[in-house]
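Asker: Below is one structure. I have some questions about it.
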Amino acid sequence: MSTSNNIITNLFKNNKKSFFGTSIIFIAFYWVYNNYIKQIDNKDKQEQKSTDNISDSNNNNNNNNNNNNNNNNNNNNNNNKNNNNNNNNNNNNNNNNNNNNNNNNNNNNNNIIKKVKFNNFFKLSNDIKIHVLSTKEECDLILNEFYQSLLSKMNDDKNSSLSSTINTNLIVDGADIINQTSSSDSDALLFPKCNEKNNDGLDFIIGFDAEWSNFNSIDDSISKPLITSTTQYNHKVALIQLSSKDETFLIQVSQMPNIPTSLEQILTDPRLIKVGVAVSQDAATIFQSFSIVTKGCVDLVPIARLTNYEGNGLASLALSVMNVTLDKSNLIRCSHWENRDLTKEQIHYAAADAWVGREIFEIMYNTYKQSKIVHPNEKDLIYTLCRPFINTSFKVKVEKNKNSGGNSKLNPNKPIKENMLKKTVPDKRVLYDNCLMYSPDDVLLCSISKKKVEWYVSRQLADIIKDEPLSIKLRFQPHGEGHSGDDYYLAHKENICVVCGSTHKILRHSVVPHCYRQYLPEEIKSHSSHDVLLLCCDCHANMDKRAQIMRMMIAKQYNVPLDSENKVYITDNALLKITKMALIVKNHFYQPSDEIITNEDGTVTNISSKKYKSNIPEYKLEEMKKEVANYIGKEEINLKDLDQLIYLNPKQKNEDYVPHEKQVMEKVLALGEKGIFDFIRSWRKNFIETVQPKFLSPHWSINKDILNNYKPKNQKPKQIQLQ
């Protein structure tokens, strides 16, 4: 008993200051909360008085109207006079009783803090049709009709027909990119033209959301999901919601053996913009569950910032943009979405999330359209708004405001942090000089830079034959034909961003990211600039953000996980724990002594060192000290032992580590020239569909050969090897 009392007294002495500090904070919080409750009560009383006055005036008006009607009835029909008076009197008495009851109920509810107002949640209109699709056949029937109606509204008939043929036989794991045998350059789906037929492109905007399964505590009283003896639904995604202006589709993927083809077509079509909050997270989870890439995802939060609306979630955006309150109760939000029979509350919640997301986008689009920064008559304005945010992950950075008592607030007026590349890339760069080089037979070989022209002329290997454009003719017969006959390499190239057309701070962007491109054979990389395009710093940064979903596809396709078990460094957790303990023991038991300095006048100054303050109990520190001593193998430890232990590195480089990119490229190169072409082509298609470049050369092709770009004469084909 005495030992337990000693422990309590020691704890109280060590934590005396923290105990009193927390007590003061609690009292202050209680005082602020009390005043807040009083203010709310006063506001409710004032509002109740105003509503009572309004109701009294309405009752007086109703009584006057009844009297006028009674007088008219008396003049018209004397026989009905008594009956009307009696009915009116009875009605008035009943109304008075009802008013008295309502007043009593309002008085009783004055003490409740605005609960009645929060129950006034947003409700979908009865005009909006909600489809709950629980079977694959039903889903394909309804969603295919919806998808075909969207294709009919696309202005480009060629693009529309192509999309239906490509997506019908879509293969999972990104194999649609690899197994296509078509040689057409239009395999990449481009944005359709916006016109009155498709409501200026708004018909191609789809509200998008997904709900997760909840297997932690399934209630036996509720109908359980469809589970057989041989199969069980283990995916995280249980429900996928899509919404147009007039219809919402709730697809219960938990009740289907696999994803319906019609749903897959809509998700993988980059021309259909899927809007919502945290849609990149939904798309990533759908890919992890079903190996399907959701293309054309746009998060509403950055668009809200662009159009000066506040909110970081769907509920806050709905309140800011639509002035409505969404029901985000945990009882519905965290309910069992994998159940076969969804409740009415679940159906409305899921449908409202998708429909409200699309409605928010339409309101913000109209705000953007009416702003001064864009021309109202600009074509395809809706895609101009969406293009910078397609398939980009968006993280909300919240700052702590010291003046607001530590509350976290988002400052919409603060400018976005400038891209670091802009500080290093010079402005108005000239990366294409468009100088021409001819053979002695007057055959145009290639386009070169001014520096290359000076090199040939200074060595008397070529003569300048034209100043505009600057052209040279070789004095010798070259060994190869260069890029003769290739329209892309010989055409004049503008020094602008191929995505947005900007001339401000442009740089070279590799369509195949450098982390993969570095392992390509030299004969593919040399004399080939087809897959190196000009982008401005902003478009380059946005493209890098969007590469993650393509990396996920490649990891799935080649069976090489992004997060490999063999990591770069191996951590010795036991040593890491001991080093942390040694640091704590050193700071507590081996503090530096006070330093005494003798001044010039003979006086002595005592400089006290900073003392280490710890909230760790004394007995716990003693246990740490013993554990450190046992690890070293000594009964007593000194400062030197602790310093040696602290500076040990618990992380060691893993010699067996192989980067994900190298593992992928080993498998790609093992497939030969066709495997390399298919890999590069997949990145080309991803680039086109993701950023939808408006200023790309018409001669650029996603099906461009990779080994025939540069044509040396009489050269034997080299064997492709991994670098």
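Asker: Of the conditions (1) open to solvent by 10 Å² or more (accessible area, probe 1.4 Å); (2) at pLDDT below 90, L319 fails just one. Which one is it?
Answerer: Every listed condition holds for L319 apart from (2).
Asker: Evaluate the following for K117: is it modelled with pLDDT of 80 or more, among the basic types (K, R) and either buried (at least 17 other Cβ atoms within 10 Å of the Cβ) or more than 22 Å from V691 (Cα to Cα) (or both)?
Answerer: In short, no.
Asker: What number goes with the only condition from (1) open to solvent by 50 Å² or more (accessible area, probe 1.4 Å); (2) over 35 Å from the mean Cα position of the chain (by Cα) that G672 does not pass?
Answerer: (1)
Asker: Before we move on, is Y368 part of a helix (DSSP H, G or I), aromatic (F, W, Y) and in contact with an Asp or Glu (Cβ under 9 Å, 6 or more places away or on another chain)?
Answerer: In short, no.
Asker: Now, a different point. Being part of a helix (DSSP H, G or I) and in contact with a helix residue (DSSP H, G or I) (Cβ under 9 Å, 6 or more places away or on another chain) is the filter here, so list the residues in the range 477-527 that pass it.
Answerer: C515, Y516, R517, I524, K525
Asker: Here is a further query. So, in the range 521-553, of the ones that are within 20 Å of the chain's Cα centre (by Cα) and over 30 Å from D427 (Cα atoms), which residue ends up surrounded by the most Cβ atoms within 10 Å (Cβ to Cβ)?
Answerer: Among those that are within 20 Å of the chain's Cα centre (by Cα) and over 30 Å from D427 (Cα atoms), it is I549.
Asker: Considering each residue of the range 494-520, count those that are surrounded by 18 or more Cβ atoms within 10 Å (Cβ to Cβ), of a type outside the set (A, V, I, L, M, F, W, C) and more than 23 Å from V668 (Cα to Cα), and give that number.
Answerer: Total satisfying the criteria: 1.
Asker: Looking at (1) open to solvent by 30 Å² or more (accessible area, probe 1.4 Å); (2) under 16 Å from F208 (Cβ atoms); (3) in contact with a Pro (Cβ under 9 Å, 6 or more places away or on another chain), which is the one condition that is false for A278?
Answerer: (3)
Asker: With I465, I554 as the choices, which residue is out of contact with any Gly (no Cβ under 6 Å at 6 or more places or on another chain) and either modelled with pLDDT under 90 or assigned to a helix (DSSP H, G or I) (or both)?
Answerer: Going through I465, I554 in turn, just one is out of contact with any Gly (no Cβ under 6 Å at 6 or more places or on another chain) and either modelled with pLDDT under 90 or assigned to a helix (DSSP H, G or I) (or both): I554.
Asker: If Q663 passes every condition in (1) open to solvent by 30 Å² or more (accessible area, probe 1.4 Å); (2) in a loop (DSSP other than H, G, I, E, B) but one, which one does it miss?
Answerer: In the conditions (1) open to solvent by 30 Å² or more (accessible area, probe 1.4 Å); (2) in a loop (DSSP other than H, G, I, E, B), Q663 misses (2) alone.
Asker: Additional query: Test E310 against the criterion of being open to solvent by 80 Å² or more (accessible area, probe 1.4 Å) and under 20 Å from the mean Cα position of the chain (by Cα), and give yes or no.
Answerer: Yes: the conditions hold for E310.
Asker: To continue, here is another question. Residues D173, D157, D140, D185: which one is at pLDDT below 50 and under 30 Å from N339 (Cα atoms)?
Answerer: Within the list D173, D157, D140, D185, the selection yields D173.
The values are calculated or read from the model by the stated rules, or taken from the named source; none is laboratory data. Quantities reported herein were computed from a predicted structural model and do not represent experimental measurements. Glycine also receives a Cβ, built like all others from the backbone with ideal geometry; neighbour counts cover every protein chain displayed. The protein model used for the area step is the full one, side chains on, heavy atoms only, and it has no ligands, DNA or RNA in it. Shrake-Rupley method; radii C 1.70, N 1.55, O 1.52, S 1.80 Å.
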